[in-house]
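The values are calculated or read from the model by the stated rules, or taken from the named source; none is laboratory data. Note that the coordinates shown come from a computational prediction; the quantities given were computed from them, not determined experimentally. Cβ sites come from the backbone with ideal geometry, for glycine too, and all protein chains shown count toward neighbours. The accessibility values were calculated without ligands, DNA or RNA, using every heavy atom of the protein model including side chains. Shrake-Rupley method; radii C 1.70, N 1.55, O 1.52, S 1.80 Å.
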Amino acid sequence: MNPIHKPLATLAAALALAACGPQETTSNPTPAAIEDSRTPAQREAERTPYQLEAAFAKASADFGVPADLLKAISYTETRWEMVQGHEEFEGMPAAYGLMALRGAKLSEGARLAGVSEEAVRTQPEANIRAAAALLSAYANELKVAREDLGAWAPAAAKLSGIENTDAQAQYIHQGVYDVLRKGAVAQTPAGELAVSLMPSQVQAKFASRSVHAMSADYAPAIWRASPNYNARPSGTDISMIVIHTCEGGYAGCWGWLTNSAAGASAHYVVNEAGTEISQLVAETNRAWHVAASYDCGLNGSVMCGLNGASVNNFSVGIEHGGFASQASFPAGQIDASAKLSCDISRDRTVVRDSYHIVAHGRLQPYNRTDPGPNWPWSSYITKVKSFCGDGTPTTGLVIDSNNAANDSTKGYVELSANWISSSATAGYYGSGYYHAPTAAVSDPATFWFYLPAAATKTIDAWWTSGTNRSNAAPFIITDANGTQLASVKMNQQVGGGSWNTLGTWSFPAGWNKVQLSRWAPEGFVVVADAIQVR
């Protein structure tokens with residue numbers, strides 16, 4: 001089987017947290033001189049030589065737990081990312097670190113490993129060691145034959161904290177041991193090996209999962225009924241889709257929400273790869289996924305007639321395996337979710353825009369942030385529309401203003417600290433945009449893109465519109481030879497939330513660039529959000 005390759009942006013986030021010194025966040029790119037031709041990956045490689053492989057090997061040796069098992073559990077739980085926990089469901093404490101330890105297990109693991117709980121929450125090595133110490137204790141308790149990798153399955157299931165037996169079976173067979181059979185590889189941004197898990201023919205010694213019926217509302221989904229729902233108020237129309245993250249893995253998420261003790265539910269849960277969706281509550285019924293009354297002031301003053309009503313009355317909730325703190329979301333998961341949202345919106349006549357397909361954190365901001373700052377909102381809404389046949393799909397290479405969403409081998413953005421990150425105006429691409437006041441200074445936002453061979457390409461730009469935007473925002477197109485091909489002035493007071501064509505030019509192979517300059521009539525702002533090369 002082909003090994004699973006870890007996305008570089010996600011690994012970079014884990015590496016940054018693992019490094020000894022302070023690191024810059026992916027949402028606030030490092031200011032860099034325009035003439036600096038190094039990619040972000042090259043610069044990161046010079047700063048962050050940390051390797052996770054050694055941390056897994058040491059914990060394995062010290063606690064007598066197979067290193068491959070530790071790696072596979074970490075990959076299944078967090079995709080090897082050092083997550084920072086948030087609570088999504090009452091009764092399920094926040095998860096932390098590469099191993100997604102939470103609650104009493106985090107405390108006990110810290111005690112057994114001889115490290116502080118704070119270290120387990122914040123330090124990769126301590127987090128791995130706490131998980132290894134717990135697994136070792138469970139192996140003693142369960143009398144695991146330590147030399148037999150397949151025999152560790154019950155200990156891995158116990159570490160997961162999943163109580164639902166079908167969810168346990170899925171976690172073991174389609175999660176941990178599936179990763180062990182396929183293998184996985186992660187590289188540093190410099191292309192060096194950070195973590196590797198070679199494929200193995202191991203089989204888990206664990207009971208198999210049950211067969212389930214399929215959903216009546218959405219044909220690709222598996223029906224797994226939750227008892228946590230009630231009827232919608234009579235005469236209530238479904239008018240909103242709410243996007244959540246589970247703050248944990250897929251199997252544990254649906255396993256918890258089908259438990260009456262959870263006191264919570266969602267209509268759907270989408271797995272990390274986008275290969276499976278569970279439906280827990282019929283769309284016509286009221287799932288318990290938002291603990292807030294609607295306030296249109298939090299949502300662009302849309303649907304104000306519903307103020308004071310429970311959001312659950314008129315919404316469908318979609319949970320996603322993963323975390324609000326993760327650096328990016330898998331493309332397969334985003335596509336599967338967008339197809340589901342299209343189906344719901346079409347069947348229930350939900351408007352397909354960012355005021356009717358919204359974040360849990362927007363509606364319940366006092367104690368929820370999901371799905372987090374890196375959920376790709378504009379591209380997600382665009383995909384929903386495209387799947388429903390009413391949108392213009394992205395057709396080329398997109399360079400986002402958030403480098404966490406970019407493949408740094410193909411494109412990235414550079415801009416100075418004078419540019420301010422924001423998501424205040426709706427219609428942005430990805431997770432937000434940058435803006436800066438116009439002035440008699442260039443100080444551009446530079447979108448770099450790499451072409452392996454000479455080609456003629458059309459360049460589009462995306463921005464959010466407003467009356468304070470410049471009506472003469474200068475976009476400068478320069479090829480890899482340093483030749484300025486054009487300077488195009490665009491009116492950013494209009495055309496927001498869509499691609500706007502700058503022009504078509506012939507580019508040589510190499511690193512070409514599109515720059516948005518601040519040099520325009522003063523009293524306005526220019527918005528750097530995303531470009532598309534097609």
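This table checks each residue for (1) in a strand (DSSP E or B); (2) within 26 Å of Ala95 (Cβ to Cβ); (3) open to solvent by less than 30 Å² (accessible area, probe 1.4 Å); (4) in contact with a helix residue (DSSP H, G or I) (Cβ under 6 Å, 6 or more places away or on another chain).
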position	(1), (2), (3), (4)
Ala291	no, yes, no, no
Gly297	no, no, no, no
Gly305	no, no, no, no
Asn312	no, yes, yes, no
Ser328	no, yes, yes, yes
Leu340	no, yes, yes, no
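Comparison of Thr245, Thr236 shows that the only residue that is open to solvent by less than 10 Å² (accessible area, probe 1.4 Å), outside any strand (DSSP E or B) and not aromatic (Phe, Trp, Tyr) is Thr245.
Having 3 or more residues that are under 24 Å from Gly255 (Cβ atoms) is the bar; report the helices (runs of 4 or more DSSP H) wholly within the range 95-179 that clear it. Because the criterion is at least 3 residues that are under 24 Å from Gly255 (Cβ atoms), the helices (runs of 4 or more DSSP H) in the range 95-179 that meet it are 103-113, 124-142, 153-160, 165-170. The residues in the range 114-129 that are hydrophobic (A, V, I, L, M, F, W, C) and touching a residue at least 40 places away in the same chain (Cβ under 8 Å) can be counted, and the count is 1. Gly64 meets each of the listed conditions (1) small (Gly, Ala, Ser); (2) open to solvent by less than 30 Å² (accessible area, probe 1.4 Å); (3) touching a residue at least 24 places away in the same chain (Cβ under 8 Å) apart from (2).
Which members of the range 359-401 meet the condition of being part of a loop (DSSP other than H, G, I, E, B), open to solvent by 10 Å² or more (accessible area, probe 1.4 Å) and closer than 15 Å to Ala530 by Cβ? Passing the criteria: Asn374, Pro376, Thr392, Pro393, Thr394, Thr395, Gly396. Name the single residue, out of those in the range 414-450 being in contact with a Pro (Cβ under 8 Å, 6 or more places away or on another chain) and hydrophobic (A, V, I, L, M, F, W, C), that is most open to solvent (accessible area, probe 1.4 Å). The residue in question is Ala417.
Under the condition of being within 29 Å of the chain's Cα centre (by Cα), within 17 Å of Asn481 (Cβ to Cβ) and not in a strand (DSSP E or B), the residues counted in the range 422-459 number 1.
Selection over the range 88-121 of residues that are open to solvent by 10 Å² or more (accessible area, probe 1.4 Å) and touching a Lys or Arg at 6+ places or on another chain (Cβ under 8 Å) gives a count of 7.
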